[in-house]
């Protein structure tokens, strides 16, 4: 009997040690430098608040930490959409002026691999900026760093909350450099195919309400127009 | 006994690693894709939105009854000609399979636009740019501009049509927006 108890205790200790190793693994830390920061091209940024109550509409299955907003919005409770969040929000430029309406669909991805430090969300943005045009942004987002450095510490905190300064790139693909794929639809953006990067800046998180002070930024690279080569004199 | 404890630790590590490797952390629920193959005409798939029950949001300026209740559409004049809607979308068996956004707008830069993004969590997303002017028989057609995952290698057309309900049933919707997709692989199209 004592051997069986010893084996079971050993297994529990082994599993816990393995999970702790995964959690503290420095090899899975979040990328904090945007691949677009070294670009020579113009980069436009759209800023938004990632707090549900700051959005025009935020909805999910109604059972998650973050409650749908406004409270009477239809919930996505059907089995095929219950792992999906949908948000419509006003996107602002770097001067905090409203410039676009953005709709974001975020679905938990089956490509999530906890072993590799990948908590993946497949997301798509549908953006319309009056006077500029429309965009579609496809991206794979990795929330592992966000979970590890904000959500888990909030659960471990006696106050059931987290406060601090956290900045991280959440876009992890599908581009080779970990960038999002951006497709232009109309206006200045028509026929555009370029890269984008989304990042989060968190200051407060509550176990009860989810993000309390979290801002998001979507950066889109605008390739320079191809100029005709100057003919030799 | 100490040896048994050490074996237990190794076993615990192996079991935890195997569990994380073999058991999916996320398992999206799926509905059968109801694709119709036409003789010599490629294939099509029809989605629909039951109105009003599948309407999640109607964002437009100066609405008397905003949907959802409590929605505060931005008063900035630049959004005066913008209408953004969110829907649940259903397949041919009337089962919800995803969510969709529809943006209709008009401005100097883009002219009049009508666009859809269909987001099917288990399959991917499709970005569809429609012709602004509907055809005479009430259809509006458009092209798949981009797709993700399952829709990534595809090209094709999408039609949008309003179909009023004629059943007269008490709980029947007022009508439905029918979206018919006709996609083929990009390679096939190029050949």
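In the range B:21-52, which residues are part of a loop (DSSP other than H, G, I, E, B) and under 16 Å from the mean Cα position of the chain (by Cα)? Residues satisfying the conditions are B:28, B:29, B:30, B:31, B:32, B:33, B:34.
The set of residues in the range A:76-97 that are more than 7 Å from chain B (Cβ to nearest Cβ) and either crowded, with 16+ Cβ neighbours inside 10 Å or assigned to a strand (DSSP E or B) (or both) comprises A:82, A:85, A:87, A:89, A:91, A:92. Scanning the range A:18-42 for residues that are more than 14 Å from chain B (Cβ to nearest Cβ) and surrounded by fewer than 14 Cβ atoms within 10 Å (Cβ to Cβ) turns up A:24, A:26, A:27, A:29, A:32, A:33, A:37, A:38, A:40, A:41, A:42. Go through the residues of the range B:65-78 one by one and say whether even a single one is in a strand (DSSP E or B) and within 7 Å of another protein chain (Cβ to nearest Cβ). Within the range B:65-78 (the criterion being in a strand (DSSP E or B) and within 7 Å of another protein chain (Cβ to nearest Cβ)), the answer is no, since none of the residues qualifies.
Conditions tested, residue by residue: (1) more than 30 Å from residue B:55 (Cβ to Cβ); (2) part of a strand (DSSP E or B).
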{"position": "A:74", "(1), (2)": "no, no"}
{"position": "A:99", "(1), (2)": "no, yes"}
{"position": "A:106", "(1), (2)": "no, yes"}
{"position": "A:110", "(1), (2)": "no, no"}
{"position": "A:115", "(1), (2)": "yes, no"}
{"position": "A:163", "(1), (2)": "yes, yes"}
{"position": "A:182", "(1), (2)": "no, yes"}
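Keeping to the range A:7-45, report how many residues are farther than 30 Å from residue A:182 by Cα and not in a helix (DSSP H, G or I). Summing the residues that are farther than 30 Å from residue A:182 by Cα and not in a helix (DSSP H, G or I) in the range A:7-45 gives 1. Among the residues of the range B:64-85, those that are over 28 Å from residue A:81 (Cα atoms) and surrounded by fewer than 20 Cβ atoms within 10 Å (Cβ to Cβ) comprise B:64, B:75, B:76, B:77, B:78, B:80, B:81. Determine whether residue A:4 is within 10 Å of chain B (Cβ to nearest Cβ), over 19 Å from residue B:17 (Cβ atoms), out of contact with any strand residue (DSSP E or B) (no Cβ under 7 Å at 6 or more places or on another chain) and in a helix (DSSP H, G or I). Considered against the rule, which asks whether it is within 10 Å of chain B (Cβ to nearest Cβ), over 19 Å from residue B:17 (Cβ atoms), out of contact with any strand residue (DSSP E or B) (no Cβ under 7 Å at 6 or more places or on another chain) and in a helix (DSSP H, G or I), residue A:4 comes out as yes.
The strands (runs of 3 or more DSSP E) found entirely in the range B:79-184 that carry 1 or more residues being within 30 Å of residue A:97 (Cα to Cα) are B:82-90, B:96-107, B:111-120, B:124-130, B:140-147.
Where a number appears in this text, it was derived from the coordinates with a stated rule and is not lab data. Here the structure is a predicted model, which means the values were calculated and not measured. Cβ atoms come from the backbone with ideal geometry, glycine included; neighbour counts cover every protein chain shown.
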